[in-house]
Each structure stands twice: as structure tokens, then as C-alpha cells.
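Before any comments, here is the structure.
Taken together, the values in this text are just the output of simple stated rules run on the coordinates, not laboratory data. Just so it is clear, the model here is predicted, and its values are computed rather than measured. Cβ atoms come from the backbone with ideal geometry, glycine included; neighbour counts cover every protein chain shown.
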Amino acid sequence: MYGQKSVLVTGGAGFLGSHLCEKILEKGCNVLCVDNFFTGSRNNVEHLIKHERFELMRHDICFPLYVEVDEIYNLACPASPVHYQHDPVQTTKTSVLGAINMLGLAKRLGAKILQASTSEIYGDPKVHPQPETYWGHVNPIGIRSCYDEGKRCAETLFIDYQRQNDVNIRIMRIFNTYGPRMHPEDGRVVSNFIMQALRDLDITVYGDGGQTRSFCYRDDLVDGMMLLMSADDSINMPINIGNPIEFTILQLAELVIELTGSKSKLVFQPLPQDDPMQRKPDASLAKHHLNWSPKVELREGLEKTIPYFETIVAESSQNV
Ligand code: NAD
Ligand code: UDP
């Protein structure tokens, strides 16, 4: 299946991208990791730098890229609300111009290309759970729009490059994913709650904590991503990849407190604008086409993730 292929991973120095680079190297391929280090870092791939089949390139995908590869995983884009709202114009540029540049590259090379899309394209969904056929409920002018609409436009570009230019595409709609190597200050709920719990600080629950998410462990996610890339070429429609077990944010907070043995208390803060009230994938297409379903339950995934954050907390207290 893989052999000596050359694979480009944009956003390869990020949370998911760095794991993907490792897994592709394990398959015997060459990996070209491209990143502008906006939210990712060299540290995430430091252990790969000396690998003879790994190459790291600093580059912003808003600009054209001239390289020779067989496959492209397009992950470059800040993913947490705090990060993507920091420079919303750049977020839209990365999603849209980045997609155009990477699709142009795929077209020239005849390379297969996978887009890391998102459950955010469903917005604050009125259909639950969300199947791929649902068109979503998205505010085009809210604070999340730079990401939601940018990713929606990227999906449009992918489908049109396929229809118009016969580019071999994959679209993966990723639902909330967590695990070691998440940025400790990305403001996402799993990283925030674990960092707060390990420091016995207040756990910041936004709204009443009744909103739901379905959390996928990063190994399951990366497995699904590689299966989608190697799937039959007819699988060129969007596919949800996420864990269909749904939790309220309050349940997550309680589980994190239990697993860390923390003395933290819950505090309630205002719900951010357009925060989706419910989210859960209908993952039946992934099961049917890829024979993929998640293996790691939330409790087990958190148990694997907490030691990573413990190391960060220990290192930061030594540096004080
Ligand atoms: P991340 O922020 O850790 O990784 C994104 C990477 O892209 C970073 O290394 C960043 O420096 C890089 N990047 C950003 N803009 C760039 C640009 N213009 N040019 C080159 N590199 C750029 O986030 P992640 O969680 O690893 O997410 C990876 C992808 O998966 C993103 O496209 C995200 O939208 C998608 N996704 C993630 C989740 C999740 O829960 N983690 C959910 C849905 C979708
Ligand atoms: N959230 C929270 N406390 C935090 C961070 C997030 O209650 O400290 C909530 C947030 O309002 C949302 C959910 O957790 O309802 C998931 O937020 P996250 O930023 O991780 O991802 P999203 O799915 O919203 O993009």
C-alpha cells in the first residue's frame, strides 16, 4: 500500500499532524512536513528530524509550494477557537488560499489529496447526530465564521477540483479530538480542564455545561485519516470521523477531576457566541466504507493524555 511514496503533510508540526508524520514514516514513506509554526512547533517533530526519510520545511500554505510528492494531507489551519479567532482573516486565508494552493499542487502532480475538514461545518446543528448529508446551521458573520466558512469553502474547492479537474480527493470531517501533544494553552476544553485540574485551579465551565461534544482519541483519528487516504478512489465524498459517544461538558469536567484526583472546583462563565449546543457524529459511513470505528473510550484516552500534561506542569513549575 505505502512503499517509498513521498507524502506531504501540511500543518505537520501541529498536534494531529505530528502524529500523522510518525505513522506515515512507520509505513516506510518519505514525509515532507510543511508548517509555518503558527500553533505548531518544531518541538513536536524534534524526534523525527534526524530520520532519513523526514524533511521539515517552514512555509505558509497561503503561498504556492513547488515540491514533488505522491500524496498530500492538508492539515494546516489553527484548530482551537482561541487560536483561529486570534487572526480571523489569516484563518480564512489559510483555509481558502491554502486549499487552492494545495489543490493546484495536487492537480499538477496527479497526487491524491486529503482535506482535514471539521464538524464545525455543521455549525450549531439542528439535526442530531450529524450525518454527512446535513448541510449545517452556520452563522456567516459570527466569531467562529472565519473557521466554519473557511472550511466550508475549502470543501467546495475540493469537490470542484475533483469535478472540474479530476483531482483525486478525500474530505474528512473531524470531530473534537484530544490526546498528548495538544497545545496546553490552546483554550480547548480538554487541555483547559486537565491543566486547571493538575494545578488545582477553578475549572472554567462555559454556560451551564449542558452543551455536548463527542471526544475522539488522536490515535483513532489518525488511523481513520490514513484509512480514508488509502480507501477506494470512489470514496470522494465527505466522511465523518469522530467518536459517537456524547458527553456534556459538565460530565467531562467531573471525569477530569476524578482522574487527576484534583481539588479544583467548578466555576461557570458565559457561553461564547455561537458555541454549538450539541455535537455527535453519525459515523456509519466511516464504518461502512473504511471499516473504521473508534477503539479508545474517553476515560482510557484521558488516562493516556493526563501524563503528558503532568510533564508540562512539572517542567513549568521548575522554570518558575
Ligand atoms: P494544530 O493547531 O495543532 O495544528 C495546525 C498546524 O497548522 C499547526 O502546526 C500550525 O502551525 C499549522 N499552520 C497553521 N496555519 C498555517 C499556514 N498558513 N501554513 C502552514 N502551516 C500552518 O491543530 P490540530 O488539532 O492538529 O488540527 C489539525 C487539522 O485538523 C486542522 O486543519 C483542523 O482544522 C483539523 N481539525 C482538528 C480538530 C481537533 O479536534 N483537533 C477537529 C476538527 C478539525
Ligand atoms: N469549554 C468550556 N470551558 C473551557 C473551554 C471550553 O466549558 O475552558 C466548552 C466550550 O464552550 C464548548 C466546549 O467546551 O462548548 C468545547 O470547546 P472547544 O473549544 O474544546 O471546542 P469546540 O468544539 O467548541 O470547537
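Quick notes
- Residues of segment 173-198 classified as within 15 Å of residue 308 (Cβ to Cβ) and either under 18 Å from the mean Cα position of the chain (by Cα) or more than 8 Å from ligand 2 (Cβ to nearest atom) (or both), total: 18
Here's the yes/no breakdown for (1) of a type in the set (Phe, Trp, Tyr); (2) in contact with a strand residue (DSSP E or B) (Cβ under 7 Å, 6 or more places away or on another chain); (3) more than 15 Å from ligand 2 (Cβ to nearest atom):
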| residue | (1), (2), (3) |
| --- | --- |
| 85 | no, no, no |
| 88 | no, no, no |
| 105 | no, yes, yes |
| 133 | no, no, yes |
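- Evaluation of residue 84 against the conditions (1) farther than 20 Å from residue 123 by Cα; (2) assigned to a helix (DSSP H, G or I); (3) near ligand 1 (Cβ under 10 Å from one of its atoms) shows that the sole unmet condition is (1).
- Every residue from segment 266-311 that is within 16 Å of residue 178 (Cα to Cα), part of a helix (DSSP H, G or I) and either within 16 Å of ligand 1 (Cβ to nearest atom) or in contact with a helix residue (DSSP H, G or I) (Cβ under 9 Å, 6 or more places away or on another chain) (or both): 298, 299, 301, 302, 303, 304, 305, 306, 308, 309, 310
- Only listed residue being closer than 15 Å to residue 115 by Cβ and more than 11 Å from ligand 1 (Cβ to nearest atom), chosen from 159, 141: 159
- Any chance residue 107 is farther than 23 Å from residue 235 by Cα and basic (Lys, Arg): no
- Residue satisfying condition, being within 17 Å of residue 174 (Cα to Cα), in contact (Cβ under 8 Å) with a residue 40 or more places away in the chain, in contact with a strand residue (DSSP E or B) (Cβ under 8 Å, 6 or more places away or on another chain) and among the hydrophobic types (A, V, I, L, M, F, W, C), within set 271, 266, 285: 285
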